[in-house]
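Enquirer: Okay, handing you the structure first.
The values are calculated or read from the model by the stated rules, or taken from the named source; none is laboratory data. The structure presented is a predicted model; accordingly, all values stated were derived computationally and were not measured. We work out accessible area using only protein heavy atoms, side chains counted, and drop any ligands, DNA or RNA first. Shrake-Rupley method; radii C 1.70, N 1.55, O 1.52, S 1.80 Å.
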Amino acid sequence: MASALISRSSRRFLKPCSSSVSLYPAIFNPVISSQQSASQNPSQNPPFKLPQLQSFNFEFRKTTGSLSSFHLVAHVSTWPSKENKNHQSGGNVSSSWVELYLPRKVQPYARLARLDKPIGTWLLLWPCMWSITLAATPGHLPDFKMLALFGCGALLLRGAGCTINDLLDRDIDTMVERTKLRPVASGLLTPFQGLCFLGFQLLLGLGILLQLNNYSRVLGASSLLLVFSYPLMKRFTFWPQAFLGLTFNWGALLGWAAIKGSLDPSIVLPLYASGVFWTLVYDTIYAHQDKEDDLKVGVKSTALRFGDSTKEWITGFGIACLGGLAVSGFNAEIGWPYYASLAVASGHLGWQIWTVDLSSRADCNRKYVREIHCINS
């Protein structure tokens, strides 16, 4: 489409004597000199291939008789290629809006808070949104101001949790392929800088918490015990994913309390339990990416605990998750569309568990992302 638009506009001004169009994947480069373009031979362009998702360029070239060295080049790139990303960041993590738009001095802090990977923020936010929606008056929309407050809180608390994790695991992270380039482990930030940044995030989080009622303030502050202890669990137990579930789904309790000023155990406890079981499903799949490194380093996970029986275990967790959601919805007297959606989610969840290749890091990561969209869709 880009080539067609450029061709249509250029014909208004240029009368070509010859033209050629080439479409091929290349490493993203926003600046191409006219000397480089002139040195390329159109006849040597490789044949058309479907571009990879990582990067692709559309190149349109039009040569005129009077301007033989003139080249009109248009580039469209959805993502910089791996080689270019490594070149730009010295082998760093993939390029994102953080690297493209934030000042260089701010980028390590943004990466420490995982602002370039928002999926963790969504994992914190969804249980909050579930409970806030359940607590809404029947026939009315949920409180949008409360949703916004919890959105900001999820962003800050997730960033604080990641900062704590990286500070405590900085020695371990250097020995794990997936984590060795994190800001503290790689030396981009000192532990003291990370600690100061943690205090800044917690201070902002306190500002969010003070907007809630007194009951919610106490309940929210109590979650910090889980936030600070979770990163240590992998050293002592094969069930760190369970502790992550207890931490990430605290919002299922807090969201309801923020609206009602108290807790209804018949609704929020099944909801909280279902979130914990859901976390055990997706994070066990995720943990299979690092199982070789975990064995070398000596840390524990449910992926190592379950081994070849992983699919049986996470199938049980999936059933428990869906059962908890059904019980919570029943006690909240939600109508049939809720259960229809739950049936669709259960089918997709089962398919994900059945087809995941636990020996493939790429497929584990792919199923991890889809697992999250499964319940929230």
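Enquirer: Can you work out ³J(HN,Hα) from phi for every residue in segment 319-335, in order, using Karplus 6.51 cos²θ - 1.76 cosθ + 1.60 and θ = phi - 60°, giving whole Hz and x for Gly and Pro?
Expert: 5, 5, 4, 5, x, x, 5, 5, 5, 4, x, 5, 5, 8, 6, 7, x
Enquirer: While we're looking at this one, here's another question. Hey, what do the phi angles of segment 212-228 turn into as Karplus ³J(HN,Hα) couplings, whole Hz, using 6.51/-1.76/1.60 and θ = phi - 60°, x for Gly and Pro?
Expert: 9, 6, 4, 4, 5, 5, 5, 5, x, 5, 5, 5, 4, 4, 5, 4, 7
Enquirer: Next question, about the same structure. Taking θ as phi - 60°, what are the ³J(HN,Hα) couplings along segment 263-279 by the Karplus curve (6.51, -1.76, 1.60), each to the nearest whole Hz, with x for Gly and Pro?
Expert: 10, 10, x, 5, 9, 7, 5, x, 5, 5, 4, 5, x, 5, 5, 4, 4
Enquirer: At 1.4 Å probe size, what's the solvent-accessible area of D116? Round to the nearest 10 Å².
Expert: 30 Å²
Enquirer: Run the 1.4 Å probe and let me know the accessible area of L203, rounded to the nearest 10 Å².
Expert: 120 Å²
Enquirer: Once ligands and nucleic acids are excluded and a 1.4 Å probe is used, how much of H140 is accessible, expressed in Å² to the nearest 10?
Expert: 130 Å²
Enquirer: Right, here's the next one. Taking square-rooted eigenvalues a ≥ b ≥ c of the alpha carbon gyration tensor, is segment 232-377 rounded, prolate or oblate, where a/c under 1.5 means rounded and, failing that, a/b exceeding b/c means prolate?
Expert: oblate
Enquirer: Multiply the residue gap between C196 and E292 by 0.36 nm, knock off their C-alpha separation, and tell me the result in nm, one decimal place. Spell out each step's value before the answer.
Expert: Working: separation 96, 0.36 × 96 = 34.56 nm, distance 3.32 nm.
Full extension of this stretch gives 31.2 nm more.
Enquirer: Stick to Cα atoms and the Kirkwood definition of Rh, then tell me Rg/Rh for segment 103-211.
Expert: With Rg and the Kirkwood Rh in hand, the quotient comes to 1.08.
Enquirer: Next up: I'd like the carbon and sulfur percentage of the solvent accessible area for segment 184-284, probe radius 1.4 Å, heavy atoms only, ligands and nucleic acids excluded. Walk me through the numbers on the way to the answer.
Expert: On the way: 3300 of 4390 Å².
Ligands and nucleic acids excluded, carbon and sulfur give 75 percent.
Enquirer: Please work out whether segment 215-296 counts as rounded, prolate or oblate from its C-alpha gyration tensor, where a ≥ b ≥ c are the square roots of the eigenvalues and a/c under 1.5 means rounded, while otherwise a/b larger than b/c means prolate and anything else oblate?
Expert: prolate
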